[in-house]
Each structure stands twice: as C-alpha cells, then as structure tokens.
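Below is one structure; the comments refer to it alone.
The values are calculated or read from the model by the stated rules, or taken from the named source; none is laboratory data. Please read all numbers here as calculations on a predicted model, not as lab measurements. Cβ placement follows ideal geometry from the backbone for every residue including glycine, while neighbour counts extend to all protein chains displayed.
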Amino acid sequence: MNRVIEKLSSMYLSMWILVFLIVWTGIGLYMAGADSYINDFQVMNDMHIREWLMSDRTGSGFLKPWFLILCAAMTALGINLIFCSWSKIFKIMRAKFNGRQFYMLIVHALFGFVALGHLGGLLLGFEHNNIELGAGETYSSEEGYELEVKDVHFVGDVKALKKAKRYITRDDLNRKESFVEISISRNSELLKTDKVYLLKPLRYEDVQVTVNRFLSPENKKKSTDFDTGGRIILSLSKNPVLKMFLTVYPVMIAGILIYLVITWRKPHLNRNNVSC
Amino acid sequence: MLLLNQLGEMFSILYYSIFALYLILFAAHICGLKVIEKLICAAASASVLFVLVRLYAGSGNLPVFNIFESFMLISFILSVTGFIILLKGGYGSKVLKWIWMENILLVFILLAYDKESSLRLYVYQNNWVILFHSFRCISLALMLIATAYFIQFIIQREMDERTSLLSHMGRNSLLLSAVFFLSAEYVGTVWCQAGQGDFWMWSQTFFQSTLIVLYLMLAFHIPGKSRRSEDFRCIVGGLSGVFMLTLTVIRSLF
C-alpha cells in the first residue's frame, strides 16, 4: 500500500503526466487549426461542455476521445497533487519540513483550487451562445431566464461591421457610446435592466449577459417585422464558481511571487524547492 | 496615407539601424571592448525607446500588440537588463553574449514582418487587453533572460562551482516570468469572460497559452538531485525562451 502511495505521490509521475499533457495539448493545437476540426471546436465553444458531451454534435472525428483523455490526464495530475500534498503534510507532522516547503505546499493547494475552478466552470452552470436579437425581441432559456432587448444604440460606421471582429477599429465603432439596453427576468419577474456595452456585460448574481458583437443589417440571419436595422449577438451564461476562481487565482500568483522573493538569494537552500 | 508611408519608412530606417547596432554590440562584447560595448548598448536602448515612443504616438496604442511592437519592447527590456549587468559587472556579465544574441535573433525575425504600429482596434482601449499583452511581453523577455543564464550555466559549469549562481538566477528569472505569464492568463480570463461570457474559448490561442503554462510547470517539476537531473532541469529551463518565442511567432501568423 505504501508503495502505491509513494508512486502516486512521485514527482516522476508529475513529470510524465506533464510531458503527456504537453503532447496532448500540442495535438489539440494542431486540431484547432485543421479544417476538419474547426467547425467541431466552434460547436464546442457554442455549448456548455456538459451538454456538448451528451449531445450528438460532438463531431464525427477524434475530438470527443481527445477531450476525454485530456480530462483523464488532468484527473491523474490532480490525484498526484493530492497524494504529493498528503505525504508532505506527514513530513510536516514529523518536523522534517522547512518553512519554505510548507509555503510551497500552500501554493500547490491554491493551484488545486484553481484547477477545481476550471473544472467547475466546465461542469456547472449553463451557457447559451450566438443569440441573435434586435430591438423589441426576446429570448427565453430553458433555465427560465428571459432576455428582452429594449434598444440597440450603435455609434460608428455600420458598413465596418461586416469586417471580422478582430479588424474593427476605434474609427469604426465607438465602444463607449454603443450599447444595448437589455432586461433580464426569470419566471416573469424582472431581475435587472441595464445598458450593456462591448466588454462590459450585465451581471445579475452568477448570471451574465454579454454583447458579443453588433451586426450590420446585411448580417441578418432572419427578418423580423419590427426590425430597426440594429441587431446584436448575445450570450447568456451562468458560472457559479466564477467569483471563487477569480479570487483564488491572483492569490496563487501572489503566493508564487512571495515564494520567489523569499528564495531569491541563498541558492544552496533552493534546489528542488520549487517543485512539489 | 502620406504620413503613414513616412512613418513606415522611418521605422524601417530605425529598424535597420538597431539591427546594425546590435551586431556591433555583439562584436564589441566578443572583442572585450567594454567601453564601446556600454556606449553601443546605451545607443541601441535609446533607439529602441525612440521607436516605441513613436509607435505609441502614431497609433495611440501601447506598443505591445503586433509582433513588431512587442519584439521591440522585449528587445528594449533585454537591452536595459544587459546594460544593468554591464554596469554591475561580476559573474552575471558572462550571460551578456547570449542576451545580445537573443536581441539579434528578435530583430532578425522582424525582417519578415511589416515595421508598423498595430491597428487602432477598439479592444486595444480596454485595460484588461492592454495588461494581457503587456504581461505577455514582459514574460517572454524574462524567459529569454532565463534562457541566457541557463545556457551559460550549461556551458560553464565544468569550470567553476560558483556558476551554480547562474542556474539560480536562471531559475529566478523563469519563476518571475511564470508570475507574469500567469498574470497575463488571469487578465486574459477576465477579458474573455467580459467579451465572450466564458472563461476561455477552445481555440489555437488557448492551446498555445496552455502549452506554455504546462511547459513552465514541467520546468519546475523535474525531480532528482543528481547532476543529470540538474542538467535536464537547466536544458528544459533554457529552452523555455525558445519555446515561447516559437509559439509567439506561430501565433502572429494567424
């Protein structure tokens, strides 16, 4: 049993899992640029991962097995982290551990929480993307939320909206004056009405309404009776672990920075201290 | 249009001047001409700073977005670091030739790119976007400094035990670089959440960032206390700058 625990907490295991993850992410990088997978990744982005896994829209190729193996490797790294931390805690109890190593243990624990935040973001909450609406139109989600676009106020050159988003300049679009007035309600109860700008979403508790882009009239996917010409693409999402994630992450970074400061000098004490 | 052409021409002239200055700087270092090396280093740093200021004045963007701007900024950080090492002297000055070579490499890569400021994109006004690109540049500069220390350590360690300080400085630079890279990832997360409504999007840029994070994790998790382990740690650490530089160039192609 001790031998198994020793293996599971081994740094060699960490190293080989990391090597595997580098190779596997490299394959992901290749697939994300390959013509045969671009649409599959787009579908993956448009849906919540939980729904994506259950749906039949995961693509015909290698993407789903690739994703599941990625998750398995991350789980193995998590198990390694838990066992590694556990064995360090034993060493602390036997007073075989110095202060710096104890500090690094805390940083590793914070990393564990950041990884859990990523996992929580994948599995919890919901996500609805590519919602195209114009003024006066509504969208209802299966979770009971209803969005109503009250006004689309665009300041800029409408023709420029035909460009890809990454090429839209400050001359094309006035980001500070272009907004969409949106109300969000749940089960007919109005929760909030606000002006939503690009990169400045509407937030109500854990729910977020994001304006992804303004559409030029030519980009319309469907015609409506009350079309005013101004249409937008929205996303509605909920991530219950977002606040935890956004709090723990900078604490982890600060922890690494403090560790660096306290170990900046004295190289004879530092060898291998950075590691788990 | 005429103004843009004039600016482009000016950047090209300055670019080739900086390239020449770096080559002379490297030659002065190899020949051991300390005073000339300091003077050329100061001139090169001032020239790069001038380019950065003109880039900012031309577009209103901080010079961190396109590859010409970001490599100029990284080159400036490397030059200033080299100048400080030059002034301090001591064991650190042995890494200078690698830092000057890295500067030459950065400027050489820019041969293939337009010498111009980035587009006046509306997203470049957002603080999170500015911080993301700035932290990335600083991180790459620090990674290249770490690479210089590790290479010198690998070459020199047989001769002098004190060279372990080089390995330690490499580790410090790499850890500081990791702090900046993770900070970039954090602000990138906030940016993505505000712009897309989610933490991240599955895309090539996401995979490139993840690869760098994993590579940094690997560099800090190589086990063992033997000489072989230490050599391996230094090789992985030393390749970090090359790894991130390659991914940055690949990223600029999309």
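Miscellaneous remarks
- Selection count where residues are more than 22 Å from B:Phe50 (Cβ to Cβ) and either among the small types (Gly, Ala, Ser) or more than 14 Å from chain A (Cβ to nearest Cβ) (or both), scope the range B:109-129: 1
- Filtered by the rule that a residue be free of Cβ contacts under 8 Å to residues at least 60 places away in the same chain, surrounded by fewer than 16 Cβ atoms within 10 Å (Cβ to Cβ) and assigned to a loop (DSSP other than H, G, I, E, B), the range A:181-213 gives A:Asn187, A:Ser188, A:Glu205.
- Which numbered condition A:Leu116 fails, given (1) crowded, with 18+ Cβ neighbours inside 10 Å; (2) within 14 Å of the chain's Cα centre (by Cα): (1)
- Residue in the range B:207-231 that is surrounded by the fewest Cβ atoms within 10 Å (Cβ to Cβ), counting only those that are more than 8 Å from chain A (Cβ to nearest Cβ) and closer than 24 Å to A:Met74 by Cβ: B:Val213
- Residue in the range B:161-171 that is modelled with the lowest pLDDT, counting only those that are at the interface with chain A (Cβ under 9 Å from one of its Cβ atoms) and surrounded by 21 or more Cβ atoms within 10 Å (Cβ to Cβ): B:Ser167
- In the range A:134-164, the residues that are farther than 20 Å from A:Asn187 by Cβ, out of contact with any helix residue (DSSP H, G or I) (no Cβ under 9 Å at 6 or more places or on another chain) and assigned to a strand (DSSP E or B): A:Gly134, A:Asp151, A:Val152, A:His153
- Residues of the range A:175-197 that are under 25 Å from the mean Cα position of the chain (by Cα) and acidic (Asp, Glu): A:Asp194 alone.
- None of A:Arg170, A:Arg186 is touching a Phe, Trp or Tyr at 6+ places or on another chain (Cβ under 7 Å), over 30 Å from B:Arg120 (Cβ atoms) and of a type in the set (Lys, Arg) except A:Arg186.
- Which numbered condition B:Arg251 fails, given (1) in contact with a Ser or Thr (Cβ under 7 Å, 6 or more places away or on another chain); (2) farther than 30 Å from B:Leu119 by Cα: (2)
- Checking each residue of the range A:21-28 against the condition of being closer than 20 Å to B:Gln204 by Cα, without any contact (Cβ under 8 Å) to a residue 40 or more places away in the chain, more than 13 Å from chain B (Cβ to nearest Cβ) and not charged (D, E, K, R) gives no match.
- Among the residues of the range A:228-256, those identified as surrounded by fewer than 18 Cβ atoms within 10 Å (Cβ to Cβ) and at the interface with chain B (Cβ under 10 Å from one of its Cβ atoms) are A:Leu246, A:Pro250, A:Ala254.
- Residue within the range A:129-136 that is closer than 30 Å to A:Ala72 by Cα, surrounded by fewer than 16 Cβ atoms within 10 Å (Cβ to Cβ) and away from every other protein chain (no Cβ under 14 Å) present: no
- Candidate set from the range A:165-179 (those that are assigned to a loop (DSSP other than H, G, I, E, B) and within 7 Å of chain B (Cβ to nearest Cβ)); member that is surrounded by the fewest Cβ atoms within 10 Å (Cβ to Cβ): A:Asp171
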